[in-house]
């Protein structure tokens, strides 16, 4: 009985050590490479730390969303990407995501707002850019819309849990 | 497609994660075998199957359970994210992902040259084998040795050669080949032990699980951890066949003597003692070969290991721990 307990204890200790080593190995590249993906507290901090000059932030912001972003993720290596999430003021869920990712990069910002059924997909002229506008339904048949376009060296995507009217206003206000 | 983009694609994530998952499984399985002092090679092999099979299925199964597992947010909270290392650049120029791809390439090359092609060639040759050598006559020492073995008798062929040759062919035309040099060297009990060991190989090769395991191993041709683990399984297979041979003959010391005579003839020189670089490779190979034979002899001297419970509870605990940890490794 004593031997059995010792064997289990030894195995458990080994697993704990392995988990600790994995945690350290996971932290190490973040410490070495400062511009790897991580959370930031503000857009200004992203600008300062990663030296990204153009971060596309809307000047129009619907009242039912909270400002500042509830979450900001950014990286410069292996390619530049900035993702901002905004919560719905009343419901508290993520209702708007703005991402700008280096063109051609295979990067999925997140599936927190996933359009399950696309009802309409059209090309929309957005201040001289050819944007793609998609309108459809998210989970629980909630109306959702997404617009994306190429802006310099980035691909900008705005996805929102709402019909396209507010979405277009937000996207439009990001450009001069 | 750039290298970093490749490792963000489904196939790239599959390759990278299957290697990480195999590594974690290999570490936990090794610790588990040590913690519970598992000596029976058959049970050890069962544990090692986890290292071969789990990385093939883990990624698609985890992705089915949680499709957001590949997302940025999951990766940030993960126990270990391989992409963090793969996106590192040495001296700001040389991406680690390139080194990773080189490792994959070398492993693939080794898998094909040392395992897949030789085994395919062996299978083809076994099918086409025209019985090279002569069948022993009824009064010969080989026939007498085979006679008392309580199993279905395979075809035996004697090759006229003074070197020590002993091998068996599997597949449809199973046969055991011995050289005249070997027959002269061994006594009747030792020949019987050698034949029993080869018969064990033939019997095990007929098991569908072994064939399926080999096919699964081939599907992980790029995975260096699976490559190493499969070799451990092959070594343990030798021990399993030794055990079967002892069960058939009831004479472990006859097999020990056979092993010593056939394979363990050289002095035990550690490779570090050799100064010429050209000889180090050969010495290393001989040294590791001697170590393996030493282990087999040691195991035979200790006697057959009988685990009371078959180790199923320990196996399930190990499997669950591996499955949970690997879920958080992306």
From A:46, A:101, A:118, A:82, which residue is without any contact (Cβ under 8 Å) to a residue 60 or more places away in the chain, part of a strand (DSSP E or B), more than 26 Å from residue A:137 (Cβ to Cβ) and in the same structural domain as residue A:144 (by TED's automatic domain parsing)?
A:82
Would you list the helices (runs of 4 or more DSSP H) that sit entirely within the range B:1-76 and hold 1 or more residues that are within 26 Å of the chain's Cα centre (by Cα)?
B:10-35, B:41-65
Lone unmet requirement of (1) touching a strand residue (DSSP E or B) at 6+ places or on another chain (Cβ under 9 Å); (2) facing chain A (nearest Cβ under 9 Å) for residue B:17
(2)
Selection count where residues are under 20 Å from residue B:107 (Cβ atoms) and within 10 Å of chain A (Cβ to nearest Cβ), scope the range B:20-54:
4
Which one of B:80, B:74 is within 12 Å of another protein chain (Cβ to nearest Cβ), touching a strand residue (DSSP E or B) at 6+ places or on another chain (Cβ under 6 Å) and either within 30 Å of residue B:298 (Cα to Cα) or surrounded by 13 or more Cβ atoms within 10 Å (Cβ to Cβ) (or both)?
B:80
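Here's the yes/no breakdown for (1) modelled with pLDDT under 75; (2) closer than 30 Å to residue B:101 by Cβ; (3) surrounded by 18 or more Cβ atoms within 10 Å (Cβ to Cβ):
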| site | (1), (2), (3) |
| --- | --- |
| B:226 | no, yes, yes |
| B:249 | no, no, yes |
| B:276 | yes, no, no |
| B:281 | yes, yes, no |
| B:301 | no, no, no |
| B:307 | yes, no, no |
| B:318 | no, no, yes |
Right, residue B:243: part of a helix (DSSP H, G or I), crowded, with 20+ Cβ neighbours inside 10 Å and modelled with pLDDT under 90 or not?
yes
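Condition check ((1) within 17 Å of residue B:245 (Cβ to Cβ); (2) not in a loop (DSSP other than H, G, I, E, B)) across all residues:
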{"residue": "B:162", "(1), (2)": "no, no"}
{"residue": "B:172", "(1), (2)": "no, no"}
{"residue": "B:178", "(1), (2)": "yes, yes"}
{"residue": "B:183", "(1), (2)": "no, yes"}
{"residue": "B:189", "(1), (2)": "yes, yes"}
{"residue": "B:192", "(1), (2)": "yes, yes"}
{"residue": "B:195", "(1), (2)": "yes, yes"}
Selection status of residue A:24, under 16 Å from the mean Cα position of the chain (by Cα), more than 9 Å from chain B (Cβ to nearest Cβ) and either exposed (fewer than 13 other Cβ atoms within 10 Å of the Cβ) or not in a loop (DSSP other than H, G, I, E, B) (or both):
no
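The values are calculated or read from the model by the stated rules, or taken from the named source; none is laboratory data. All of these numbers come straight from a predicted model, not from anything done at the bench. Virtual Cβ from ideal backbone geometry, glycine too; neighbours counted across all protein chains shown.
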